[in-house]
Amino acid sequence: MSLSQRIVRGVTATFGAQLLRLGAQGAIILLLTRVFLSPDEYGLIFLAIAVFSIATLFGTLGIPKSMAKFVTEYRETDESQIPHIVRSSVAFNVGTVTLVCLLFVLSRDWIATVYGEPRLEPLLALGVVYIVVKVAHGYLLIAFQGFGRVTLTAATSTVSSVGRLGFIVLFLVAGFGAYGALAGFVVGYLLAVVVGGVLLYRIVSSYPTADSSEPGLSTRIARYSLPLTASQGANVLYKRVDTLMVGFFLTPVAVGFYELAKQVSTFVIAPADSLGFTLAPTFGEHKSADHLDRAARVYEQSLEYVLLVYLPAVAGIVLLADPGIRFVFGDAYAGAAPVLQVFSVFVLFQAIDKITNDSLDYLGRATERAIGKGVTGALNFGLNLVLIPAIGVVGAAMSTALCYGLMVCYNVVLIDRELDLHWRSLASSIAAAGGVTVAMTVAVVALQPFVTGVATLLAVVAAGVTVWAVLSVASGLVDISEIGTRI
C-alpha cells in the first residue's frame, strides 16, 4: 500500500471512528443535559473528571508517545527490538500509575475539602479505577498510531464510545444519577482496554524478538518521555486546570457551562484530529528516509485544507452559538453560549495544532515543543487567576484561546525550521479561504433571522455549508480528484 493510500485509509477510518465517538458523545451530552441531570450535577461530573485528568497525566507521563516514536523508528531499522520497546514502556507505565493511584487515595478527602463540595467525594471514590483505565486506553491508542495501524485506533475508540454511551444510559435509567454517569465512563473505557489489549498483543507477537534489548534502549525511551511529559503537562493546563479553577473560584454550574462549550467545540475538531493523528507518524518515516521535502508538501497541503474548513467554522460558531445552545440543550444552559463564541478562536488554533503537535514529536522536536507549551501553559494559568475572578467563566475561555494561539504559532515556526515551508503559496491559499469565509458569513447572517428552532438552525447551517462547498470547488481550492495524489 502506498503512502497516499495509507494516509487516505487512515484518515477515513479515524474520521469514521470520530463520527461514531462524537455521535455517542453528543447523545451522552443531550441525555445528561436535557433528561437526567441539572447544570449543577453536570458540572460536578466534569469537575471530577478534570481532577482525574491531572492524576492521569502523572500516571501516563510521556511514555506512550515516546514508545510510539521508537516503534516508528525501529520498524524501519530493527523490528526485533519492538517487543522490548513495548514491554519496557508498559513496565514504566504500570509503575507510574501505581504510584499515582496510591497518592490519589491518600489525597481524595483533601481534594473534596478544598472545593467545599461534599457531593464531589462519592464521585472521587471512582478515581482510582478511572485513572487506571484511562491511562491504559490512552496508551493503546498511541501504540496503534506508532505501529501505523490507525484503523485499530479507530476500532478501539469506537468500542470505547459505544460502551460509554450504553453503560451511562444503563446506570442513569437505574437511578444512580451523577455517580452512575461517571461509572458509565469508567466501564466504557474498561471495555475498550480489554479489546485493544488483545489487538496490541497480537501485533507485538507478530514481530521477531531479539534475545536481549539493545543496550540503553529503555533509558532512551525514558529520557525522550521527559519533554513529552512536560508538553502533556502544559496540555493539561490548557484543557483541565482551567476547569478546576472555574470550579474553585465559581460554582459547579459555571463548570457545567464551561465544559459544555468546550465539548461542543470538540465536535468541530474531528476532521483535523483524524488527519493529524494519521499523518504524524509519516513525518518520522520521511525524516528517517531523508525525504523532508515530501514531508513539507504533506504539511502544507494539510494546513491549506484545515484553514479552508476552520476559518468558516469559526464564523459559523460565533453567529449561531446562542440559538444553537438554547435550542439544542435548553435555556438552562444559555450561559454556555458566550463561552462557545470565545472558544471558536480556540477551535481554529486547535485544528492547526492537530496537524502540527504530534508531527513535531515524530520529527524529534519534542523538547522545543515542550518549552513553548510549558511557557504558554504557565501564562494561561496566570491569566486564569486574574480573569476568572474578574469576568467569570468567559475569562477562562479568553485566556485559553489567547495562550493556545501563541503556542500554536510557535509550533508552526518549529515546523517551518524543520521542513522549510513555501509561505507564498500558503498565503495565497489563506487569502482564498478568507474570501470563502466572508461569502459564507454573509449568507448565514442573511438567514439568521429565520432561525426559530432546531430544524431552521440546521437548515441555516446546511445553507452555509453549501455556499462554502460551491465556492471552494469553484475557486479551485478543493479538487477532490487530487486530494489523494497531492498528499
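The values are calculated or read from the model by the stated rules, or taken from the named source; none is laboratory data. Given the structure is predicted, the values throughout are model-derived calculations rather than measurements. When we count neighbours, we look across all protein chains shown, and the Cβ atoms used for this are built from the backbone with ideal geometry, even at glycine. Heavy atoms of the whole protein, side chains included, go into the accessibility calculation; ligands, DNA and RNA do not. Shrake-Rupley method; radii C 1.70, N 1.55, O 1.52, S 1.80 Å.
What the table below lists for this structure:
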| quantity | calculated |
| --- | --- |
| Residues satisfying the stated conditions in the stretch 308-342, i.e. of a type outside the set (A, V, I, L, M, F, W, C) and touching a Phe, Trp or Tyr at 6+ places or on another chain (Cβ under 7 Å) | Pro312, Tyr333, Gly335 |
| Count of residues meeting criterion [open to solvent by 40 Å² or more (accessible area, probe 1.4 Å), in contact (Cβ under 8 Å) with a residue 60 or more places away in the chain and either within 21 Å of Gly62 (Cα to Cα) or within 27 Å of the chain's Cα centre (by Cα) (or both)] in the stretch 191-213 | 1 |
| Leu447, sole failed condition from (1) surrounded by 15 or more Cβ atoms within 10 Å (Cβ to Cβ); (2) in contact (Cβ under 8 Å) with a residue 24 or more places away in the chain | (2) |
| Restricting the stretch 122-151 to residues that are over 21 Å from Gly59 (Cα atoms) and open to solvent by 30 Å² or more (accessible area, probe 1.4 Å), the residue that is modelled with the highest pLDDT | Pro122 |
| Condition met for Gly464 (assigned to a helix (DSSP H, G or I) and either open to solvent by 30 Å² or more (accessible area, probe 1.4 Å) or modelled with pLDDT of 80 or more (or both)) | yes |
| Residues of the stretch 97-116 classified as open to solvent by 30 Å² or more (accessible area, probe 1.4 Å) and either in contact (Cβ under 8 Å) with a residue 60 or more places away in the chain or on the phi < 0 side of the Ramachandran plot (or both), total | 13 |
| Residue list for the stretch 141-150, filter: in contact with a Ser or Thr (Cβ under 6 Å, 6 or more places away or on another chain) and hydrophobic (A, V, I, L, M, F, W, C) | Leu141, Phe144, Val150 |
| Boolean, Ala125 is in contact (Cβ under 8 Å) with a residue 12 or more places away in the chain and under 22 Å from the mean Cα position of the chain (by Cα) | no |
| Residue among Glu73, Glu121 that is among the charged types (D, E, K, R) and under 30 Å from Leu250 (Cβ atoms) | Glu121 |
| Residue list for the stretch 418-441, filter: touching a residue at least 12 places away in the same chain (Cβ under 8 Å), assigned to a helix (DSSP H, G or I) and open to solvent by 50 Å² or more (accessible area, probe 1.4 Å) | Ser425, Ile430 |
| Restricting the stretch 312-363 to residues that are outside any helix (DSSP H, G or I) and not aliphatic (A, V, I, L, M), the residue that is farthest from Val442 (Cα to Cα) | Thr356 |
| Residue in the stretch 168-181 that is touching a Ser or Thr at 6+ places or on another chain (Cβ under 7 Å) and either at pLDDT below 85 or aliphatic (A, V, I, L, M) (or both) present | no |
| Condition check for Val386: free of Cβ contacts under 8 Å to residues at least 40 places away in the same chain, open to solvent by 10 Å² or more (accessible area, probe 1.4 Å), farther than 30 Å from Ala469 by Cβ and out of contact with any Phe, Trp or Tyr (no Cβ under 8 Å at 6 or more places or on another chain) | yes |
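Every residue, every condition in (1) part of a helix (DSSP H, G or I); (2) over 19 Å from Asp40 (Cβ atoms); (3) among the hydrophobic types (A, V, I, L, M, F, W, C), yes or no:
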position: Val128; (1), (2), (3): yes, yes, yes
position: Ile131; (1), (2), (3): yes, yes, yes
position: Ile142; (1), (2), (3): yes, yes, yes
position: Thr151; (1), (2), (3): yes, yes, no
position: Ser160; (1), (2), (3): yes, yes, no
position: Ala181; (1), (2), (3): yes, no, yes
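Table: residues versus (1) modelled with pLDDT under 85; (2) under 16 Å from Asn357 (Cβ atoms).
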| site | (1), (2) |
| --- | --- |
| Cys403 | no, yes |
| Leu406 | no, yes |
| Asp416 | yes, yes |
| Leu419 | yes, yes |
| Ser425 | yes, no |
| Ser429 | yes, no |
| Gly434 | yes, no |
| Leu447 | no, no |
| Thr452 | yes, no |
